[in-house]
Amino acid sequence: MAISIRPMAAEDKSQFLVLWEKYNVFYKRTVAAAITDKTWERMLDPQTRLYGAVAVDSDLAPGANIVGFVTWLPHFYTATVEDIVYLHDLYVSEDVRNGGVGRSLINHVYDWCKQEGITSVYWHTQRFNHRAQLLYTKVANLTDFVQYKHDV
């Protein structure tokens, strides 16, 4: 496995959609095609502050070589002058998990933040996602925050 991380590109859409569907199944959610299309459009729009990167395995054939993705969103924060980053989505193909791909994707976001002068990244995961938490405890600190949500 020879992994490199790079920004998402228009030609990645079909491979991204395969992984996106698996990601959504894992989280037991359904995202309408129109929303997925809009999200994809936003990630490729240089005027929108939603970013995405893919993990590419150069040992695999082009057209079937994207094995993971990450998305992130910088935003204002009331306790700093600098933005902070919400790491929104992270997914790695099941067949390459525990091979460093997830860590590489997270580090890509960290590197992007350093280039932008951003010093804080945070994310959420579901309580049952123990496998991912094994990685997260190695690359970040668990906080004391509890999330509340209300749909309006």
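The values are calculated or read from the model by the stated rules, or taken from the named source; none is laboratory data. Model, not experiment: these values are computed from the prediction. When we count neighbours, we look across all protein chains shown, and the Cβ atoms used for this are built from the backbone with ideal geometry, even at glycine.
Within the stretch 17-31, can you find the residues that are free of Cβ contacts under 8 Å to residues at least 24 places away in the same chain and part of a helix (DSSP H, G or I)? Lay out the reasoning, then the answer.
Filtering the stretch 17-31 down to residues free of Cβ contacts under 8 Å to residues at least 24 places away in the same chain leaves 17-18, 21, 24-25, 28-31.
Scanning the stretch 17-31 gives 17, 18, 21, 24, 25.
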Residue match in the stretch 11-27 (condition: modelled with pLDDT under 95 and either in contact with a Phe, Trp or Tyr (Cβ under 9 Å, 6 or more places away or on another chain) or closer than 13 Å to residue 90 by Cβ (or both)): yes
Candidates 149, 138, filtered to the one that is charged (D, E, K, R) and part of a helix (DSSP H, G or I): 138
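Give 48, 80 a once-over and let me know the one that is at pLDDT 95 or above, among the β-branched types (Val, Ile, Thr) and in a loop (DSSP other than H, G, I, E, B). Steps first, answer last, please.
Details: 80 fails: at pLDDT 95 or above.
Step by step, each of 48, 80 is checked, and only 48 is at pLDDT 95 or above, among the β-branched types (Val, Ile, Thr) and in a loop (DSSP other than H, G, I, E, B).
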Residue pairs meeting the criteria (Cβ under 7 Å; at least 6 apart or on separate chains; first free of Cβ contacts under 8 Å to residues at least 24 places away in the same chain and under 18 Å from residue 87 (Cβ atoms), in the stretch 140-152; second of a type outside the set (Lys, Arg) and in a loop (DSSP other than H, G, I, E, B)): 147/124
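Only one of 146, 139, 56, 121 is modelled with pLDDT under 95 and either on the phi < 0 side of the Ramachandran plot or crowded, with 19+ Cβ neighbours inside 10 Å (or both). Can you tell me which?
After ruling out the rest, the residue left standing is 146.
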Extreme residue, farthest from residue 52 (Cα to Cα), among residues of the stretch 71-106 that are under 15 Å from the mean Cα position of the chain (by Cα) and in contact (Cβ under 8 Å) with a residue 60 or more places away in the chain: 100
